[in-house]
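First the structure, in the form of structure tokens, and then the observations on it.
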Amino acid sequence: MMKKSMIVLLLLIAFGASIYFIGSDMQVVDERYGKEEVIVWVLPLTLVLMNSNLLLFSRQKSLQNYYARYKDGLESIFLSFTFLFFLFHIALLYTVSGNSFNLLTMVPLIAGFSLVATANTLPRFKLPEQSSQNEKVHSINQAWNKIIRPASYPMIIGGLLMVASILLPQAMTLPVFFILLALTLISILIVSYKKVQSI
């Protein structure tokens, strides 16, 4: 309930910031990012659409068993992404109103925090390994359960390094970010492959 309340609060603040932007004397000085109406409303409305899926999960009868099992993990993921999009929305409004801020620094920041949040949540998505009539399903579930925890380690390390890359000189931030992203993905694939081979 606390996570859902936090999501609702972030949505209200995002819409409040947009309404304040329109109602005050603030104007879009930098039009590189689009028209005022799009800039002001696209991210809050995207957040509403994104989080409506969480509500649909909980209301769908066919998905209620899965939702009950993975509720905590799903809410953590939705809260994390809501917070990151909220930050980007505030940074975008701040930038287009004429303030000096490099929005590109938000790319490694959002990607890094997304990886860390996902890695922290992955172990909560363990699948049942009880003996099943379908041996293939049992094997897939077993492989997934063995992969999720080891695969989360490079995600955490890579994510933290991506966040730290915003401290580098501006010209180096994006190249270093893409190198870290590639190394993180390769590490995840290698760790996952080794774990699957050991089953």
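Summary of computed values
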read-out	value
Relative contact order for the chain, counting Cα pairs under 8 Å that sit 6 or more residues apart, in percent	20 percent
Accessible solvent surface per residue of the chain, calculated while the other protein chains remain in place, 1.4 angstrom probe, Å²	62 Å²
Counting all C-alpha pairs of segment 65-170, share separated by more than 23 Å (%)	44 percent
Residue-averaged 222 nm ellipticity for the chain, from DSSP H runs of 4+ at -39500 (n - 2.57), nearest 500	-27500 deg cm²/dmol
Spatially near lysine pairs across segment 45-199, Cα under 29 Å, sequence gap of 8 or more or different chains	16
With eigenvalues of the C-alpha gyration tensor scaled by 5 and rooted, segment 39-104, Å	32, 12, 5
Values of log10 I(q)/I(0), in the order q = 0.08, 0.18, 0.19 Å⁻¹, for the chain under a Debye, Cα-only, solvent-free model	-0.37, -1.26, -1.31
Angle in degrees between helix 106-121 and the longest Cα principal axis of the chain, rounded to the nearest 10	30 degrees
Alpha-carbon centroid distance for the pair segment 96-123 / segment 1-58, whole angstrom	17 Å
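The values are calculated or read from the model by the stated rules, or taken from the named source; none is laboratory data. The shown structure was predicted, so the numbers you read here are calculated from the model rather than taken from an experiment. Side chains are part of the model used for accessible areas, which takes the heavy atoms of the whole protein and leaves out ligands, DNA and RNA. Shrake-Rupley method; radii C 1.70, N 1.55, O 1.52, S 1.80 Å.
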